[in-house]
Each structure stands twice: as structure tokens, then as C-alpha cells.
Amino acid sequence: MKKSFLFLTIILLCSASIFAQNLASPQEYFGFKPGSDGMLFDYEKLIKYLQKLDEQSDRLTMIQNGSSPNGRSMYIAFISSEDNIARLDQLKEINKSLATNVNIKENDRQSLLKNGRVFVLTTLSMHSNEVGPSQAAPLIAYDLLTTNDPKKIEWLNNVVLMMVPCHNPDGMDMVVKHYKRYKGKKYDGSSMPGIYHKYVGHDNNRDFVTLSQSDTKAISKIFSKDWFPQVMVEKHQMGSRTARYFVPPMHDPITENVDATLWNWTWVFGSEMVRDMTREGLSGISQHYLFDDYWPGSTETCLWKNTIGMLTEAASVKYATPVFVEPNELQGYGKGLSEYKKSINMPDPWPGGWWHLSDIIQYEIESTLSIIKTSSRSREEILKFRNDLAKKEVKKGKTEAPFYYILPANQHDQGEWVRLVNLLHEHGASVYQLSKDVKINGHLYDQGSIIVPLSQPIRPFIKEVMEVQHFPVRHYTPGGKIIKPYDITSWSLPLHRNIEAVEINDKSQDIENSLAQIKFPFTLIKEEKKTFTSMLFSVNNNESFMTAFYADKIGLKVKRTIEDFMVGEQIIPKGSFWILSDQFDKIDEQLTVPPVFLSENTEIPSVPFKTPRIALVETYFHDMDAGWCRYVFDSYHIPYKVLRPGDFKESDLKKNFDLIIFPDVNKSILMEGKYKSKDSYHPSQYPPQYTKGMGKEGLQKLLAFINDGGNVISWGRSTNLFMGLLSIKIDKDNKEDFQLPISNIGDNLQKEKLYCPGSLLKVELLQNHPLTLGMGKDAGVFYRGKPVFTTSIPYFDMDRRVIAKFPEKEILLSGYAENVDKLANRSVMVWLKKGKGELVLMGFNPQFRASTQGTFKLLFNAILL
């Protein structure tokens, strides 16, 4: 028997060896070994190589799972044993059962555990200047497809590797093209001008709650709805002057909604990575350093959905150009590694010297193999853990408050209510409607109200995105400095969208007996024919603005109402949109709320709707906020032209534009094309043709544009352009010096210890003003501590009105802030007049990461001012 088994093993290994000879190696296919100095392949070549391997190997299959914003196909490369690849559909169903079915009979569960495999999802190079992970993909694939190593064969029998070869295909091609353009020249390794994505650049790793981008949707769908992998790792790069590599666990603070056992698994995988990589001679590996897992929004949002989610970070080179790092240049940064010294978080420091792309790739290969090995060794335990955790979370939802979130049927913005329901469904949450009126704690909830039960496997995610955020304050030492958050501290979906959500902390049989299934996609529009001549769209709904812009774009007649209007018993508020057409089928594609159909000739006090000619200012300095603005504008059919700061000098602003919009960016970048910190300027790493600022001449043209009747919208740091002493050249010998009746006191308040790292704050709005049409008396704004405005009594041809101010008390709605009382009664949105023009300045980002729908109308109204 033993001889037969040995003979069979030899035959299999020989067959694999002969088969491997038929596979093109990465070096043969690309003409160089991936990781070679100065050499990069683009996305198309990467995918074609993997598709070629798919044709030749039974250990690999490529499945398309979505598309990028620019339309490139995105894939998952499944790598495993031939048997596992042949029964992927069966394994997929096992994953789903273990992740979502908490009522499996034990005999059936044992069968699933026996036949299931651990699925390891690796997503590579979402930040496209972090080229190493995607460049390593062909080497990892080729190794696993051709290996005769008995240990690796065993791993492939127990594990299915799901490799997303590139998380950001559009950006990969942009970066590779830029690198090749300058390779071997003066600006070799320079930063790519603009953002490496159609819209959001580095912020694509901030979109896993909002799911606004198509590439984000494609990745989220993998762990939320389709494949339910048990393990996920997102592979990144970091700066060049610190540790060579970061592996889990993360640093504090961590979210309190994720179960302790998930954090324990990240320790297990991280510890194995350090041990395995050190054994292979790789040094400078850090843990428990710099990165936290408090906020959802990155790919590790899968943690909140019971996937063992992890992050790795490699020290960077200049794309494919190596760097030499002197020992004195190596340093630790912040939490977990304050000094670059041997420590428990980095027991084997890298000494310095040359660092190549090939080094990064070697770290990527070894860390990936370690994760596969650990998953293989713990196969049955990980599979059992996934189902146990699903049961545990469902039990919590039945025994611990909160038990439900209710989204009442009557909302100020019905469209955002509908879109939130669809978003929760897209995340994998079960959402229901009340089939009848239900009374809870003396409050009546109408039939049709939305119910989100907490007794679901992804309870941590539901609770995290539905509740008010309270930052878990942790300190480095007792009574010492707090451990500050890595990113923002508020993301509550209802609050950010200005949707009323009620947390129910008592179990209700009435609710349980009244849950009705929802047909998705959820909509309030019913398929019924009506006879009508025009339509009214309420200004309360964000999507009404989208409809008006689109209708105007395709040539329909649009007006805006100038007073409240009654239709039967329904009040259509001032500022709503009246489309004088019976062609509803031309505009209904993105609508979720039906308009009021008018079937008779009706006169409504209104004015013609006109879309202004918009210039959107976007720098080349990886200007993510401008990119988010472009995304929102494209989504709402708002036309614009991108204007670079260096274009101002040569542009005829008055002839070409009615409105210029400045998103959140430093004044020094806009003016001089340089970074400025306090009184010091810092050069950028961009080629010089992309670092042109407006300069004094460009600013002159901008101020003249305003004075002659042009409008400006500005928010965040760009508002500093309009502070202090300004001047307009009247003619050759004369100029007008003036100061707008507004000042920014944000720096002064920060000296008084105001700290707001990105939270939702309450503001009171000026009522019955063109800028606040469709808004309530107050709103939540996403805010980061400055700017803060004060106004003064104007003179000559200037005026001002405070549109939004912080209240006296109870300012913080969600997130974290210190000394927030310093903001009491302070102004944060101001309308200004200068000459014939108008300005709207906001201290907050009205469209922050496309996640603050509650303040979109402030931006849209400003556009239509």
C-alpha cells in the first residue's frame, strides 16, 4: 500500500513538473522579472498574463466581478488545487451557509466544515502609486500554479486564494504611464500629477461605507453578498523612511462593535507573518504600529461583517526606481513606534541601505504565503469560527439592546430615505417594512416605516453605521495624551443623510409580527399611467435637484417656484422644481420618489431655471476633494469645466464662466503651487509644469470677475483666498483696496485647544434664504475644526449674511471633539456681496467624500444662487 501511494505521488509530481514547463514564467511573458529596477507592466498586460495562465492551468480560474469607473473589467483570480477549482460553485455555497445560516443542523454543519475550504481574499495596490503588490501578483500566481512543494500542495488543498490583481485598474495605468514618461530623466520617480483614479484617488480606501465608486462596489460585493471569504488582506505601501513592513495587529483605538475573537485572529496571522518572514531573512517588520481599526470605510470594513480583515504596508521606493536610505533617516512615527529602535513592535530593525521594488515584492510574496499557510493549518477552526460568530451576533441581536433601528416612513428627504434602504441592502443587511401601524413606547410608527433588526450575522456593521459615534478615548499613559484617530470619527448613515432613525432598545413582538419583505431595488415610484401636463419636484429631496439639472440638460422647460404652493392638501415648498413636460419617461431612470403630476394648466409663481457655466478649480496636487466634487456633479448632471490654478492668468473668466468653485485645498497651493506650513514653504515632488499657482495676476482676475458680477463658492482651506486685505486693479494707475466683511479665526481657536478630527456638528440655518431652500432649521455638517468665521459691518459695495452658525450648546452630534464649546455661536457659512458679484464661503465640506447628503442642498442652492 505504501509503495502504491509513493508511486502515485511520484507520478503526480512528475506530471506537475512537466505541466509547469508549459506555463510561461512572468520573466518570459513580460520580458523582465517583475520587480526589476526601472520596469513596470500595466493593468492590461497583468490581466492578459493571468488569463493566459487560466487557459493553461486547472489551478486557476479568472472571474470578472465588476468594472472600474473608467470601464476597465475587474477580476478575481481564484488559485487553489485542481479539485477545489472544479467545485468552486459548491465551495461558494458552503461559504454562504457558514456566514449567514445560523440554524444549520449540527450533522449538516460538520459536513460543511469537512468539505469547506478557507477563502483568502487579497486585494492589491488600490493606491496606484503603491505598485509593489500588483507587480508581485504574477510571481505569486506562477509559483502556486507550478509548485511541486508538498507543503504548498497541501495549502492549496485547504485554501482558495482569491486574488484581486489590482483594486484600482484605472490608476495603475495612469501611474505606469507617468513613470515610463519620466524614467531615466530628471523627474524620474516624481509624483503623478492629479489623482490616480477617475474621481477619488487615495480616498478609494475611504468609500466602503458609502459605496459610491464602482470599483469599491465590486470589492465590497465579494465579502458582503457573493463569496463570503473568511480571511481578507488589503496590501499597501507607506513611506520610505520607517519600518520596511507592517503586519497586524493594528494599533488602538479599535472599534468596540467588532467581536474580540476577530481581533485575536489578526494577532495569530500577524504573529505568523513576522515569524515566517523573519525566518526568510526579511527584517524591519513592524506590528501594532501607526494604523488603527476604529473607523469603517477602508477595505477592512469586512471586519464588521465577520471576515478576518487585515492590512499590510511595505516601505516604498520611487515606483520602480530604488532608493538609498541612510541609517539616520530612518525613524518611527507616532503611535506604536516613536523611535526607530529594536522593540516589541519591531524586534529586528532594518539597518538602512538600498531598497528596491524587488525587495517589496519579496516581502509581498512571503507575507502572502504565510497567510495561506496559517489559513491551511487552521482550516476547520476558521470555518467553524465563521459560523460560530454568525450565531453569536444573531444571539446578541435577540438579547442585547439595541434590537432594531426604525426609519419612519415620513422623512424630510424621501429620496435619501429610499437610497439608504438600498445601500443597507447592498451591504448585505436584511431590511423590512412595517406591514401595519405599530406603537412602541407611546410613539406610533406608520405602516411602511423601515425596520432594520439587529439579530443578523452582520450586527456589528449595522450597529456601527446606524448609531451615533462615540470615540473610544484611549491614552498612551494613565492621564496622558490621547491616542488620536487615524482618520475621521463620524460616519453615521442616518445622521450624515439627515434621515430620522430611532434606536429601539426594547424587544417588540408587534414589530416581529409586522415585518414585510421589500422588493429591491426599493422605490416609491409605482408603474401606473397618468395623464398630466407638468410635474412638481419637492426641493426637500436631493434627487429633485438632479432631476432639474438633467431636465435642463436635455432641453425640457424647467422653472423654480418662488413661494409655497398647495396641491390638494400637500404643500410644495418654495424653491421646488416645476418641469413643464409630460415626458416623465425621459427623467425617471434615477428617481426614487414620484413627483406631483399636474393634469391641468396651472400657474405657479416661479422663475426660469438656468444652469450656470461652472469652473471647478482642481490642482494637480492629488486634489481628492475636487475629485469628490466632480463625482457628485457628474452624478447630479451638473456641467462644469475643470480650471487649474495656473490657467487663471490666461483665462477670460467673465466670458466663459458665471460661477467659480474652490473645493478644500491650501491657499499656498492655489496661489504659489507650493506647500506651506506656518511660515515655511516646501517643494512638491511634481514636475514643474504641474506646480503653477494663480499668482497675484490670477488673483486679480478672480477678484475682478467677482466685482463684475461673477459668483464664487469656496469651502474649507480655500476660503483663506478671500481673507485679509485684497485689491482690485481699476486701471493702469489706480487700484481699490478692500477687505471683505469676514475673518477666519480657526487658528486662534486651535491655540485655545479646539480639536475636531472629523466629526458631525450641529449648525443652525438662516431660514427663508435662497441658500437654505429645502433645508430644515438646523443640520449636521462634517467639520474638522477650521475655518471658523466672524463677520463685520460692511462698507461701500459689500454685504454679508450668516447662513449657518453653531448653536450655544449641544454642538457635537457624532464623533469626537475637544473644547467644542469654543465654537458656540460662531459662524461657519457666510454669504457675501462684493460689487455685482456674490460669494458663498463654508467652513465645512458640503459633499465630503460623497457621504454628507444632508448638506448637498446647501451646495446645490449656492450653485443656483
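Things worth noting here:
- Single match in L424, L434 (criterion: crowded, with 21+ Cβ neighbours inside 10 Å, on the phi < 0 side of the Ramachandran plot, of a type in the set (A, V, I, L, M) and more than 30 Å from the chain's Cα centre (by Cα)): L434
- In summary, P794 fulfils each of the numbered conditions (1) closer than 23 Å to I728 by Cα; (2) part of a loop (DSSP other than H, G, I, E, B); (3) open to solvent by 50 Å² or more (accessible area, probe 1.4 Å) with the single exception of condition (3).
- Contact map, the range 752-764: first residue over 18 Å from E808 (Cβ atoms) and open to solvent by 50 Å² or more (accessible area, probe 1.4 Å), second residue part of a loop (DSSP other than H, G, I, E, B) and not aromatic (F, W, Y), Cβ cut-off under 9 Å, separation 6 or more or different chains; pairs are K753/N819.
- Checked against the criteria, I360 counts as of a type in the set (A, V, I, L, M, F, W, C), open to solvent by less than 10 Å² (accessible area, probe 1.4 Å), closer than 14 Å to I285 by Cα and out of contact with any Asp or Glu (no Cβ under 6 Å at 6 or more places or on another chain).
- L145 at pLDDT 95 or above, touching a Lys or Arg at 6+ places or on another chain (Cβ under 6 Å) and in a helix (DSSP H, G or I): yes
- Of the residues making up the range 538-565, those that are in a loop (DSSP other than H, G, I, E, B) and polar (S, T, N, Q) are S538, N540, N541.
- Number of the condition not met by K519 [criteria: (1) exposed (fewer than 13 other Cβ atoms within 10 Å of the Cβ); (2) touching a Phe, Trp or Tyr at 6+ places or on another chain (Cβ under 8 Å)]: (2)
- Options S68, S73, S81: the member that is farther than 18 Å from D170 by Cβ and either surrounded by fewer than 19 Cβ atoms within 10 Å (Cβ to Cβ) or touching a residue at least 24 places away in the same chain (Cβ under 8 Å) (or both): S81
- In the range 800-817, the residue that is surrounded by the fewest Cβ atoms within 10 Å (Cβ to Cβ) out of those that are within 30 Å of K836 (Cβ to Cβ) and in contact with an Asp or Glu (Cβ under 9 Å, 6 or more places away or on another chain) is K805.
- Only one of the numbered conditions (1) farther than 21 Å from Q689 by Cα; (2) of a type outside the set (D, E, K, R); (3) surrounded by fewer than 24 Cβ atoms within 10 Å (Cβ to Cβ) is not met by V233, and that is (3).
- Annotation note: of Q110, Q135, the sole residue that is without any contact (Cβ under 8 Å) to a residue 24 or more places away in the chain, out of contact with any Asp or Glu (no Cβ under 7 Å at 6 or more places or on another chain), of a type outside the set (D, E) and outside any loop (DSSP other than H, G, I, E, B) is Q110.
- Exactly one residue among A401, A409 is part of a loop (DSSP other than H, G, I, E, B), of a type in the set (A, V, I, L, M, F, W, C), over 18 Å from V465 (Cβ atoms) and touching a strand residue (DSSP E or B) at 6+ places or on another chain (Cβ under 9 Å), and that residue is A409.
- Identity of the residue in the range 149-181, open to solvent by 30 Å² or more (accessible area, probe 1.4 Å) and of a type in the set (A, V, I, L, M), that ends up farthest from the chain's Cα centre (by Cα): I153
- Which numbered condition M535 misses (of (1) buried (at least 22 other Cβ atoms within 10 Å of the Cβ); (2) part of a helix (DSSP H, G or I); (3) not small (G, A, S)): (2)
- Considered as a group, the residues in the range 692-706 that are open to solvent by less than 30 Å² (accessible area, probe 1.4 Å) and part of a loop (DSSP other than H, G, I, E, B) include one that is nearest to G673 (Cα to Cα), and that residue is G693.
- Taking each residue of the range 321-347 that is at positive phi and looking for partners that are assigned to a loop (DSSP other than H, G, I, E, B) and not aliphatic (A, V, I, L, M) with beta-carbon atoms closer than 9 Å, six or more apart or interchain, yields G334/Y289; G334/K484; G336/H288; G336/Y289; G336/F291; G336/N345.
- Taking the criterion of being open to solvent by 60 Å² or more (accessible area, probe 1.4 Å), of a type outside the set (D, E, K, R) and under 20 Å from S714 (Cβ atoms), the only residue of the range 767-791 that qualifies is P770.
- Sole exception among (1) of a type outside the set (A, V, I, L, M, F, W, C); (2) open to solvent by 20 Å² or more (accessible area, probe 1.4 Å); (3) not in a loop (DSSP other than H, G, I, E, B) for G479, by number: (3)
- Residue within the range 614-625 that is surrounded by fewer than 23 Cβ atoms within 10 Å (Cβ to Cβ), assigned to a helix (DSSP H, G or I), hydrophobic (A, V, I, L, M, F, W, C) and in contact (Cβ under 8 Å) with a residue 24 or more places away in the chain present: yes
- Residue match in the range 510-518 (condition: more than 30 Å from K436 (Cα to Cα), modelled with pLDDT of 95 or more and part of a helix (DSSP H, G or I)): no
- Number of residues in the range 674-704 that are in contact with a Pro (Cβ under 9 Å, 6 or more places away or on another chain) and not small (G, A, S): the value is 9.
- Where a residue in the range 426-438 is part of a loop (DSSP other than H, G, I, E, B) and its partner, wherever it lies, is among the aliphatic types (A, V, I, L, M) and open to solvent by 50 Å² or more (accessible area, probe 1.4 Å), with Cβ under 9 Å and at least six apart: S435/L515; D437/L444
- Search result, residues across the range 212-226 that are farther than 23 Å from R386 by Cβ and open to solvent by less than 10 Å² (accessible area, probe 1.4 Å): Q213, D215, T216
- A824 aliphatic (A, V, I, L, M), within 18 Å of I803 (Cα to Cα) and at pLDDT 95 or above: yes
- Any hit, the range 632-641, residues being open to solvent by less than 10 Å² (accessible area, probe 1.4 Å), in contact with a Lys or Arg (Cβ under 6 Å, 6 or more places away or on another chain) and not β-branched (V, I, T): no
- Count of the range 403-421 residues which are open to solvent by 10 Å² or more (accessible area, probe 1.4 Å), out of contact with any Lys or Arg (no Cβ under 9 Å at 6 or more places or on another chain) and hydrophobic (A, V, I, L, M, F, W, C): 1
- Residue within the range 462-475 that is open to solvent by less than 70 Å² (accessible area, probe 1.4 Å), farther than 17 Å from D293 by Cα, of a type in the set (V, I, T) and in contact (Cβ under 8 Å) with a residue 40 or more places away in the chain present: yes
- Screening H197 with (1) in contact (Cβ under 8 Å) with a residue 40 or more places away in the chain; (2) under 23 Å from the mean Cα position of the chain (by Cα); (3) closer than 23 Å to K463 by Cα gives one miss only, at (3).
The values are calculated or read from the model by the stated rules, or taken from the named source; none is laboratory data. This structure is a prediction, so every number in the text was calculated from the model and none was measured. In this analysis, Cβ positions are derived from the backbone assuming ideal geometry, glycine residues included, and neighbour counts consider all displayed protein chains. Quick note on the areas: whole protein, heavy atoms, side chains included, nothing else; ligands and nucleic acids left out. Shrake-Rupley method; radii C 1.70, N 1.55, O 1.52, S 1.80 Å.
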